[in-house]
């Protein structure tokens, strides 16, 4: 690990403009630098780098962070590697503080035997006559030697004693082979037998690259097609994902993770250049595997078989991910296709097109129910709702859960209030208050999630609405305007994010517009330009004074609150239009609402 004080020193001394400028053409604008965003392939100057704050931010896709975050996302490297790279560029030595054990890691003795067995299996695949059947099978699957060697694929011979005796000659006794899962001994006193015989072997690695177990694919007659290593001190399949050791950097770079069913699916996609892909060591994801995925990404795409078992695994896996606030989309391939065969037949570009067309898992559930005509009568409609409820309950993100309830209500005709009662929760409060943390500025150009056009709820010159809905927003508006008046240098930064029409309360709108028109005006000059009501509010602000607070932090928190109110209002407006829309318009509205939900979730995650 890298000491915190070293990380802070590297961040403080790094030239963030120079480092990011190697990847983005930047131009100075005031005290900051602007350029096209590299994360959504922007063409306008929406990407800002602030040397003073040592941060970057895109006002369209909302990517933001420090120099380490930029390099991690742009180059696909892990965070410690990014810190070391920046430190090297800044001439700072980075010492590592390691945790020391009293002795060697007790797992070393098993890692050693599994790594040795993996080498032996590779030798048997390519250099032994007995591996011919495995070589022919790989050829039939379109896997050449270079690809097989990249993933360490091997072959376990059919003869009972070969693997055991080979490892014994290298000093690995039966007990160690049993502990590593290479031999099984059903009963005490009986002769140990090899776990893998006559099988194509896929070594399984942990996140640090240790060989911890194997998956064996049967090549001859037999009942069990795939066999994995048994549970041991180094192998727990519920906590491992095949391919994660290769995919982890690509997941961060691509900001997504693709989950497929099998070893060959991972091998085929990675060989084709789609590297952010993993497979569970079973059919559906376990809770531990979902937790592991959530450490790397908030966006997952599932590509499972379209048969009944595949759909069951899809929805079970999705629910585990939704419980950890990972958004889940689903790709549905043509009948009879899996990722391996699809890429072999159609190529990488066609699969990428399928990934771009992936639909939310809840929408996929509704599609299946609609195709089966389960919404046609009361009996089936009740059962359809029962199928939707588990996924709604699994959604830990409150906005996503609300979105799912809205969609279920639309599809079934059941009122949202009744669905909320069935779910066992309460509807999301439309007047969400932003959590404390770094600001994610509101979108004032009408862009939501990279789209275009005015937000449905915003109207030029709109003003505060009466009642509870306006009170929280008005407090945020007043805090922004107060600091613009008291801390005039903050005006330029605030004006980058909001304009007068974003301030709904009439007197606050008048004050903010006056300050924008005359940024150098004194308090008396501003008051003279305002009406009596706005002038009185301005006088109260001046009387309060700065109260010792940090203007930048207060403004950032208030901007974040405005953004949450804006997103909630856009969602309400969509709900008002859905009931009158055509089917095509409904799909477009729900897609837009999904984008709004993603924006809100990203804000909360970045604000932690």
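Overview of values
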| item | result |
| --- | --- |
| Residue 379-residue 128 pseudo-label distance in nm [points 7 Å out on the Cα-to-Cβ vector] | 6.0 |
| Gain upon complete extension [residue 422, residue 44; 0.36 nm per residue less C-alpha separation] | 131.4 nm |
| Distance histogram for the stretch 144-303 (every C-alpha pair counted, 5 angstrom bins, percent rounded to whole numbers) | 2, 9, 17, 21, 19, 14, 9, 6, 3, 1, 0 |
| Square roots of 5 times each gyration tensor eigenvalue, C-alpha, the stretch 366-423, largest first, Å | 19, 11, 9 |
| Exposure proxy ranking, count of Cβ atoms within 10 Å, fewest first, for 225, 237, 416 | 225, 416, 237 |
| Order of 5, 352, 136 under a 10 Å beta carbon neighbour criterion, fewest first | 5, 136, 352 |
| Ordering of 529-538, 178-187 by packing [mean C-beta count within 10 Å, highest first] | 178-187, 529-538 |
| Cβ-based exposure ranking for 518, 199, 164, in which fewest neighbours within 10 Å come first | 518, 164, 199 |
| Mean Cβ neighbour count within 10 Å, used as a protection proxy, ranking 66-73, 29-36 highest first | 66-73, 29-36 |
| Along principal axes, Cα extents of the stretch 509-548, largest first, whole Å | 27, 21, 17 |
| Distance between the stretch 279-335 and the stretch 202-271 - C-alpha centres, whole angstrom | 15 |
| Ratio Rg/Rh [Cα only; Rh per Kirkwood] for the stretch 4-90 | 0.95 |
| Ratio of the Cα radius of gyration of the stretch 241-357 to 2.2 N^0.38 Å, where N counts its residues | 0.94 |
| Gain on full stretching of the segment that runs from residue 232 to residue 396 - 0.36 nm per residue minus C-alpha separation | 55.8 nm |
| Three semi-axes of the equivalent ellipsoid, the stretch 108-235, Cα gyration tensor, whole Å, largest first | 23, 17, 14 |
| Largest to smallest principal axis extent of the C-alpha atoms in the stretch 39-178, angstrom | 68, 49, 24 |
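The numbers here are math on the coordinates, done by the rules we state, and not lab data. Remember, predicted model here, so these are calculated numbers, not experimental data. For neighbour counting, all protein chains shown are included, and Cβ atoms are generated from backbone atoms with ideal geometry for every residue, glycine included.
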